[in-house]
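Data first, discussion second: the structure below is written as C-alpha cells.
The values are calculated or read from the model by the stated rules, or taken from the named source; none is laboratory data. As the structure is a computational prediction, the values presented were derived from the model and not from experiment. In this analysis, Cβ positions are derived from the backbone assuming ideal geometry, glycine residues included, and neighbour counts consider all displayed protein chains. These accessible areas exclude ligands, DNA and RNA; they are computed on the full protein's heavy atoms, side chains included. Shrake-Rupley method; radii C 1.70, N 1.55, O 1.52, S 1.80 Å.
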Amino acid sequence: MSDSGHFVEDNRRLRRMVSLMREEADRNDALLQSFFNSELQLLSRTTLSELLDYILKDFRDGFHLDTVTLMLLDPEEAARALLDGPEPSARFPNLRLLNSQAPLREIHPGGELFCGEPDDVFRHMCFPQHPEVASCAILPLVRENCLIGSLGLGSADPGRFNHRLSYDYVSHLASVVSVCIENCISRETLQHLSSIDALTRVLNRRALQHQLVCEIKRCNRTGESLAYVLLDIDHFKPVNDQHGHVAGDRILRAVGQILSEKVRDTDSVARYGGEEFAILLPGCDLREAVRLAEMLRHALAELRVPGRDGRPVRITASLGVTICERQHTEAMDLATLVEDLVHAADQALYRSKNQGRNQTSSQVCPVRQARAAQQ
C-alpha cells in the first residue's frame, strides 16, 4: 500500500474513533443528565410513600433496568407505620423492611458497593423475585456512618454492570437516596406525632379542625354530605374518682381504639378534649350517621375495663349528630360553617345528656345566611 493509501486508512480509522468517542460522550452526558434529573425528583418527594414509588418504579423505567429492590433498616417500625399497615409488601413488593442490621452487614461487610454478576446468595437476598438478574449494582445506604439500607439495581444484561468499572455517579446517587429516605421518615413522623393525641392515639383537636376544614371543602366540591358526631363518656368523673386515673386512662384508650376500629377508613376520629371524642363521616347522610352513632354507642356499652380493685368497669356514652350539605357550604363562609357545625353537634349531645344519657340525638345545622336572604 502506498503512503497515500496508509494515510487514507489512518484517517478513516481516526474518524471512526472520533465518532465512537463522540457517541460515548453523548451517552455519558445523557446518563449524567438522567442522574441529575433523578436527584431533583428524589429531593422533591415529601412523603416516604412517594419516595418509594419513585425509587422502586421510576428508577427501573428511567435507567432501563429489569428490577430495583430496596432493603431498609426499620427496627422501631417507623417506616412501616408511615406506609399505613403492618405489611406494606402488597404495594411495594420489592421493599423489605428489616428489624436487624445483620442482612445488610452480610451484603456490605465493608460498607462498599457491589457491581457485577451476583452469586446465588446475593441473588437470593437482594433479588428473590427476579432470578433473571445477570448483573447488578448493590449499593449501601449510609447515614452518619450507619448502614441503614441497601439499594439493588438489577439487569438481565450480563454486561450492564462490571466490577472492573467505576460507578462513582451511582454511589453519589445512593448518598442522595439515603438522605431523602431519612428526611422523609423524620418529617412525616414529626407531622404524625404533632397531630396525634398521645394517650388515645387518635387525632388531636388541632388536627381535627384541620381535617374538618378539608372535608367541608370536599363537600362543596363533590356535593356529598358530611356528618359530624360528638361523643361524650357518661359520668366519667365519678369513674375517675372511684377507680383512679389509671383506670380512666385505660377507658379513654379503649374508647379511642373501638372508635377507630368501627369506623370506615375514610372517616376521622379525634379526641376533642377530656372524655369527649369527635368523628367526621364524609359522604354520610344524617340517617346513616345516626345508625353508625348508635352502633358505636352499643359497642361502648359492651366495653369492660379493669378498675382499681380488678373488677370490670362499665361505661356508656352520649352522642350528638349533625350534617353538612352543599347548601351549607354555598350559603355560609367557612369559619361560620365550622362554628355552626360544632355548635349543632354540641346541642344534639347536650340533648342526649339532658334526656338521660346513653343515647344518640341529631340536630340539623342551620343555614343562617340563606335563611336571612329569603326573609
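Determine which member of the set Leu349, Leu296, Leu281, Leu300 is aliphatic (A, V, I, L, M) and either modelled with pLDDT under 95 or closer than 19 Å to Ser225 by Cα (or both). It would help to see each step written out before you state the result.
Details: Leu349 fails: either modelled with pLDDT under 95 or closer than 19 Å to Ser225 by Cα (or both); Leu296 fails: either modelled with pLDDT under 95 or closer than 19 Å to Ser225 by Cα (or both); Leu300 fails: either modelled with pLDDT under 95 or closer than 19 Å to Ser225 by Cα (or both).
Unique residue meeting the criteria: Leu281.
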> Looking only at residues in region 89-104 that are among the small types (Gly, Ala, Ser) and within 19 Å of the chain's Cα centre (by Cα), which one is surrounded by the most Cβ atoms within 10 Å (Cβ to Cβ)?
Replying inline: Ser89
> In region 35-50, what residues are surrounded by 13 or more Cβ atoms within 10 Å (Cβ to Cβ), in a helix (DSSP H, G or I) and hydroxyl-bearing (Ser, Thr, Tyr)?
Replying inline: Ser38, Ser49
> Which numbered condition trips up Val179, out of (1) in contact with a strand residue (DSSP E or B) (Cβ under 9 Å, 6 or more places away or on another chain); (2) part of a helix (DSSP H, G or I); (3) open to solvent by less than 40 Å² (accessible area, probe 1.4 Å)?
Replying inline: (3)
>> Give me the helices (runs of 4 or more DSSP H) completely within region 224-309, filtered to those with at least 3 residues that are farther than 22 Å from Gln327 by Cβ and touching a Leu at 6+ places or on another chain (Cβ under 7 Å), ordered by residue number.
In response: 245-262, 286-301
> Only one residue in Ala317, Ala344, Ala301 is of a type in the set (A, V, I, L, M, F, W, C), under 26 Å from Lys237 (Cβ atoms) and touching a Cys at 6+ places or on another chain (Cβ under 7 Å), so which one is that?
Replying inline: Ala344
>> Restricting to region 51-88, count the residues that are in a helix (DSSP H, G or I) and surrounded by 13 or more Cβ atoms within 10 Å (Cβ to Cβ).
In response: 17
> Between a first residue in region 106-122 that is in a loop (DSSP other than H, G, I, E, B) and a second residue that is among the hydroxyl-bearing types (Ser, Thr, Tyr) and at pLDDT 90 or above, which pairs have beta carbons less than 6 Å apart while being 6 or more apart in sequence or on different chains?
Replying inline: Glu117/Ser135
> Among Arg308, Arg351, Arg287, Arg297, which is in contact (Cβ under 8 Å) with a residue 60 or more places away in the chain and either under 20 Å from Val367 (Cα atoms) or more than 33 Å from the chain's Cα centre (by Cα) (or both)?
Replying inline: Arg308
